[in-house]
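The values are calculated or read from the model by the stated rules, or taken from the named source; none is laboratory data. Since the structure is predicted, the reported quantities are computational estimates derived from the model, not experimental observations. Ideal geometry is used to build each Cβ from the backbone, glycine not excepted, and the neighbour counts take in all protein chains shown. Each accessible area value is taken on the protein alone, full model and side chains, heavy atoms only, with ligands, DNA and RNA left out. Shrake-Rupley method; radii C 1.70, N 1.55, O 1.52, S 1.80 Å.
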Amino acid sequence: MKRNRLNVFSLSFLDIITCGLGAIILLFVLVNAKGAARRETVTAELRAEANRIENQVLESKKQLILARNTLEKTLIDLAETRGLARQVIKTIQEEKIELADRDQDTLASRSHVKELKTDLKSLEEDVKRLRAGAKARDELGTKLRPFPGQGDRQYLTDLKMGGRRIFILVDSSASMLAETIVGVIRRRNLAVGEKLKSPKWQQAVATIDWLTTQLPPTSRFQVYSFNETAGPLIAGTSGTWLNAGEIDKLNQTVAGMRRLVPEKGTSLLNAFEAIAEMKPAPDNIFLLSDSLPTMGAKKPWGKRVSGKKRLSLFHEAIRRLPPSIPVNIILYPMEGDPFAASAFWKLAKDTRGSFFCPSKDWP
């Protein structure tokens, strides 16, 4: 009997192989699908973490920018603070120097007490002599203008109102507002109307009014006010002599004085230079002031001027004064200027003029 040959690759075998391969492919598809889903989940988590970290980085950059801006502002504030500190230190040093100068001024003023007492006795004797030699006059007499008021004012005729060309200088600086430094500081911040009502300034206005009544009818005159600069009370008359016989000019002068507001510092040098510009030169000068100058031709660098510096400015101004002209001084009271009385008295004495400090009810 003939045996059948064994065929490995029979149809049944191929079916088995094909089924097995199909099962493997199916298993691979299932596993791959699960892996993809898992990868998607992990990727989403990583993306979320990356976004969170990116947001943190952006926020950190913002905070860094704010920190830099704050640092720059702090550095600027620090620089300003250092500048202010240097300024404060400089101010303290200036105050110490000023305090030392004031201490020296106090010692100097004490050394002048005896001299001032002697001058006071001499002035009291002059006042007694003038009062004893006063003569009664009628209400108007030879005056160009009437001056209303009570009392006998003719005891001051020793002011030597004579002369062909009479020049009157009146101090219109802020110190003419009051007799004390505190009073000056308080009044210089008031309204213009209140400044004009200051008793000390009203006395200066009344003095100019009285002086214009004493001018010789045939004389010529000019009235200048001065603070940091000098100029005539009547606008447009700079360097020009006015006729005392013209009553309108006298009235305009007094009106200009009543409108004038005291302010700023005091430059006696500029005032005396204005006198030097008058052609022909005056032969009689009247100076109404209350203290030594606080500046020369220009404002000083510092805000405070010591007593010695003011006295130096006074002597510098005198050198600009035309020679051989009597200077008559009317000195009003002012606190904190001990050298003023002796300095102005010496100026009047050296120029053969007159000097006096008026009482509060004069003229």
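At 0.36 nm per residue, minus the direct Cα-Cα distance, what do residue 24 and residue 98 gain on full extension? Give it in nm, one decimal, please.
On the way: separation 74, 0.36 × 74 = 26.64 nm, distance 10.85 nm.
Extra length from residue 24 to residue 98 when fully extended: 15.8 nm.
Output wanted: per-residue J couplings in Hz (rounded whole) for the stretch 323-337, from phi through Karplus 6.51 cos²θ - 1.76 cosθ + 1.60, θ = phi - 60°, x for Gly and Pro.
Using θ = phi - 60°, the values come out as x, 6, 10, x, 10, 9, 9, 10, 9, 8, x, 8, 6, x, 10 Hz.
Of the listed values (1) 2.34; (2) 1.13; (3) 1.51, identify the label whose number matches Cα Rg over 2.2 N^0.38 Å calculated from this model.
Here the calculated entry is (1).
How long is the gain from residue 88 to residue 34 if the chain were fully straight, where each residue apart is worth 0.36 nm and the alpha carbon distance is subtracted?
11.5 nm
With a 1.4 Å probe and every protein chain kept in, tell me what percent of the accessible surface of the chain is carbon plus sulfur.
58 percent
Here is the link list: 128/309; 114/298; 90/308. Which ones come out longer than 24 Å on Cα distance? Show your work: numbers first, answer last.
Details: 128/309 36 Å; 114/298 35 Å; 90/308 21 Å.
In this structure, 128/309; 114/298 exceed 24 Å between Cα atoms.
Can you give the helix-only mean residue ellipticity at 222 nm for the chain, where every DSSP H stretch with n ≥ 4 adds -39500 (n - 2.57) and the sum goes over all residues, rounded to the nearest 500 deg cm²/dmol? Write down the numbers at each step before the final one.
Values: 9 runs with 193 residues, N = 363.
The helix-only estimate for the chain comes to -18500 deg cm²/dmol at 222 nm.
Scan the chain and hand back the longest stretch that contains none of the chymotrypsin sites (Phe, Trp or Tyr not before Pro) lying in DSSP loops with at most 11 other Cβ atoms within 10 Å. Numbers along the way, then the final one.
On the way: sites that count: 9, 301.
In short, 10-300.
For the pair residue 261/residue 315, report the inter-label distance in nm, with labels modelled 7 Å from Cα in the Cβ direction.
Roughly 3.8 nm, to one decimal.
Based on DSSP, what percent of beta bridges with both residues in the chain are antiparallel, to the nearest 5?
Working: 5 of 24 bridges.
Rounded to the nearest five, the antiparallel share is 20 percent.
Cα axis of helix 340-350 to longest principal axis of the chain: angle in degrees, 0 to 90, nearest 10?
Rounded to the nearest ten degrees, it is 40.
How tilted is helix 11-111 with respect to the longest principal axis of the chain? Cα atoms for both, answer in degrees (0 to 90, nearest 10).
10 degrees
Any idea what the dipole of the chain comes to, in debye rounded to 20, about its Cα centre with Lys/Arg Cβ at +1 and Asp/Glu Cβ at -1?
Working: 57 positive and 41 negative charges, 237 e Å.
Using Cβ point charges on Lys, Arg, Asp and Glu, the chain gives about 1140 debye.
To the nearest 10 degrees, how steep is helix 113-132 against the longest Cα principal axis of the chain, on a 0 to 90 scale?
It is inclined by approximately 50 degrees.
Cα-based Rg of the stretch 233-308 per 2.2 N^0.38 Å, rounded to two decimals? The partial results should precede the final answer.
Working: Rg = 15.2 Å, N = 76, 2.2 N^0.38 = 11.4 Å.
Against the compact-globule rule of thumb, the ratio is 1.33.
Please say if the stretch 313-363 is rounded, prolate or oblate, where rounded means a/c under 1.5 for a ≥ b ≥ c the square roots of the C-alpha gyration tensor eigenvalues, and otherwise the choice is prolate for a/b larger than b/c and oblate otherwise?
It is oblate, given that a/c is not under 1.5 and a/b is not larger than b/c.
To make sure I understand the rule: partners must be aspartates and glutamates, Cα under 15 Å from the Cα of residue 200, and not fewer than 8 residues away in the same chain. Which ones qualify?
Those aspartates and glutamates meeting the cut-off are 171, 179, 209, 263, 290, 335, 361.
Just subtract the alpha-carbon distance of residue 78 and residue 306 from 0.36 nm times their residue separation and send over the number in nm, one decimal. The partial results should precede the final answer.
On the way: separation 228, 0.36 × 228 = 82.08 nm, distance 3.47 nm.
That pair, residue 78 and residue 306, stretches by 78.6 nm at full extension.
Quick one: dipole size for the stretch 56-128, taken about the Cα centre, charges +1 on Lys/Arg Cβ and -1 on Asp/Glu Cβ, in debye to the nearest 20. Please report the intermediate quantities before stating the final value.
Working: 14 positive and 15 negative charges, 126 e Å.
Roughly 600 debye, rounded to the nearest 20.
Name the long-range amide H neighbours of residue 355: under 5 Å, sequence gap of 5 or more, or other chain; modelled H, no Pro or chain starts.
329
Compute the distance in nm between two label points, each set 7 Å from the Cα along the Cα-to-Cβ direction, one at residue 124 and one at residue 64.
Placing both labels 7 Å along Cα→Cβ, they lie 8.8 nm apart.
Lys/Arg Cβ at +1, Asp/Glu Cβ at -1, dipole of the chain taken about the Cα centre: which of 42, 324, 294 is farthest positive-ward?
The residue sitting most towards the positive pole is 42.
If you plug each phi of the stretch 200-216 into the Karplus form 6.51 cos²θ - 1.76 cosθ + 1.60 with θ = phi - 60°, what whole-Hz ³J(HN,Hα) values come out, in order, with x for Gly and Pro?
Running phi through 6.51 cos²θ - 1.76 cosθ + 1.60 with θ = phi - 60° gives 5, 5, 4, 5, 5, 4, 5, 5, 4, 4, 5, 4, 5, 7, 9, 5, x Hz.
Averaged per residue, what accessible area in Å² does the stretch 212-301 show with a 1.4 Å probe, protein chains only?
On the way: 3680 Å² over 90 residues.
So the stretch 212-301 comes to 41 Å² accessible per residue, rounded to a whole number.
Build a GNM of the chain with springs between Cα atoms under 10 Å: which of 310, 319, 38 gets the top mean-square fluctuation?
The residue with the greatest mean-square fluctuation here is 38.
Please enumerate, by chain and number, the lysines with C-alpha under 24 Å from the C-alpha of residue 279, excluding those fewer than 8 residues away in the same chain.
By straight Cα distance, residue 279 reaches 160, 249.
Mind checking which aspartates and glutamates have their C-alpha under 19 Å from residue 61, skipping anything on the same chain fewer than 8 residues away?
Residue 61 reaches 49, 72.
What percent do you get for the relative contact order of the stretch 252-363 when only Cα pairs under 8 Å and 6+ apart count?
On the way: 145 pairs, mean separation 31.8, N = 112.
Worked out over the stretch 252-363, it gives 28 percent.
For Cα pairs less than 8 Å apart in space and 6+ apart in sequence, what is the mean separation divided by the residue count of the chain, i.e. the relative contact order in percent? Before the final figure, lay out the partial values.
Values: 436 pairs, mean separation 58.3, N = 363.
Reported relative contact order: 16 percent.
5 Å is the cut-off here: which amide hydrogens, built 1.01 Å from N in the peptide plane, fall below it relative to residue 225, excluding neighbours closer than 5 in sequence?
Sorted by chain and number, the residues that satisfy this are 170, 231, 233.
What FRET efficiency comes out for the pair residue 115/residue 190, r = Cβ-Cβ distance, R0 = 41 Å, nearest 0.05?
On the way: r = 37 Å, r/R0 = 0.91.
Using R0 = 41 Å, I get an efficiency of 0.65.
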